[in-house]
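Each remark here refers to the structure printed beneath this line.
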Amino acid sequence: MAREMRVASYDPAWPARYEKEACVLRVVLGDVLIRSHHVGSTSVPGLPAKPIIDICLEVRGLGALDARNDRMRSLGYVPRGEFGIPGRRYFPKGGDDRTHHVHAYLAGDPNVGRHLAFRDYLRFHPAVAQAYAQVKREASAKHLTDSAGYQAYKNAFIARTLEAALAWAASDYGTD
């Protein structure tokens, strides 16, 4: 069975699902983990999303994190290495019925700032979040069982929004 890119209405339980998983990751990863952040669409109140909790981790060392791959497997995560993004460690959980994605970076990696800027920009700009919701619904309708097509459909919107989000974040979250 192919994984479906089905977008669901916002679920107010998503933040609690993040908190629960973040607590488990803190225990399992111990002193390797510095900080965790709820990112992605499930972290934006009111935004429809695929019901997959995205977690961004800041870690002390990628080698130290790699040494804990067996611990991540024990939680149901699949270590995928960089998975196309240099300096990242990616761990999906749930197979074709995904529940979580972990994106881990060294503390201070610019990708952490990108995740947080995008999330915060959508939180502070509801009209942009609603436009993104529409793009996500269209992507799902056109590419329900095509993960690459779903992502490609959203790419232009994400790139434009990320550029605006980074400029906004650089201005100390502006006054707009």
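Let me check I've understood the local charge: for Pro79, count other residues with C-beta under 14 angstrom from its C-beta, Lys and Arg +1, Asp and Glu -1. What total comes out?
Net of charged neighbours comes to +4.
Whole-Å semi-axes of the stretch 9-100's equivalent ellipsoid, largest first, each the root of 5 times a Cα gyration tensor eigenvalue?
22, 14, 13
Among all the aspartates and glutamates, which ones have a C-alpha under 14 Å from Lys50's C-alpha, if same-chain residues fewer than 8 places away are not counted?
Straight-distance partners of Lys50: Glu4, Asp11, Asp96, Asp97, Glu138, Asp146.
Let me spell out the model: positive unit charges on the Cβ of Lys and Arg, negative unit charges on the Cβ of Asp and Glu, origin at the Cα centre of the stretch 3-54. What dipole size does that give, in debye rounded to 20?
Result for the stretch 3-54 is approximately 80 debye, rounded to the nearest 20.
At 7 Å along Cα-to-Cβ for each site, give me the label-to-label distance between Arg71 and Arg137 in nm.
4.3
Binning at 10 angstrom from zero up to the longest distance, how are the C-alpha pair distances of the stretch 59-176 distributed in percent?
Percent of pairs per bin, in order: 12, 33, 36, 18, 1.
Between Ser171 and Ala159, what is 0.36 nm times their sequence separation minus the Cα-Cα distance? Round to one decimal in nm.
Length gained, Ser171 through Ala159: 2.5 nm.
Charges only on Cβ, +1 for Lys and Arg, -1 for Asp and Glu: so what's the dipole of the chain about the Cα centre, in debye to the nearest 20?
For the chain, the charge dipole is close to 300 debye.
Compare Val24, Val112, Val59 in a GNM of the chain, Cα atoms joined below 10 Å, and give the one with the largest fluctuation.
Highest fluctuation among the options: Val24.
At 0.36 nm per residue, minus the direct Cα-Cα distance, what do Ala107 and Ala148 gain on full extension? Give it in nm, one decimal, please.
11.9 nm
Can you tell which of Asn111, Asn69, Asn155 shows the greatest fluctuation in a Gaussian network model of the chain with Cα springs below 10 Å?
The residue with the greatest mean-square fluctuation here is Asn155.
Bear in mind that the values in this text are calculations on the coordinates, not laboratory data. Every value quoted in this text rests on a predicted model; they were computed, and no experiment measured them. Cβ: placed from backbone, ideal geometry, glycine included. Neighbour counts: every protein chain shown.
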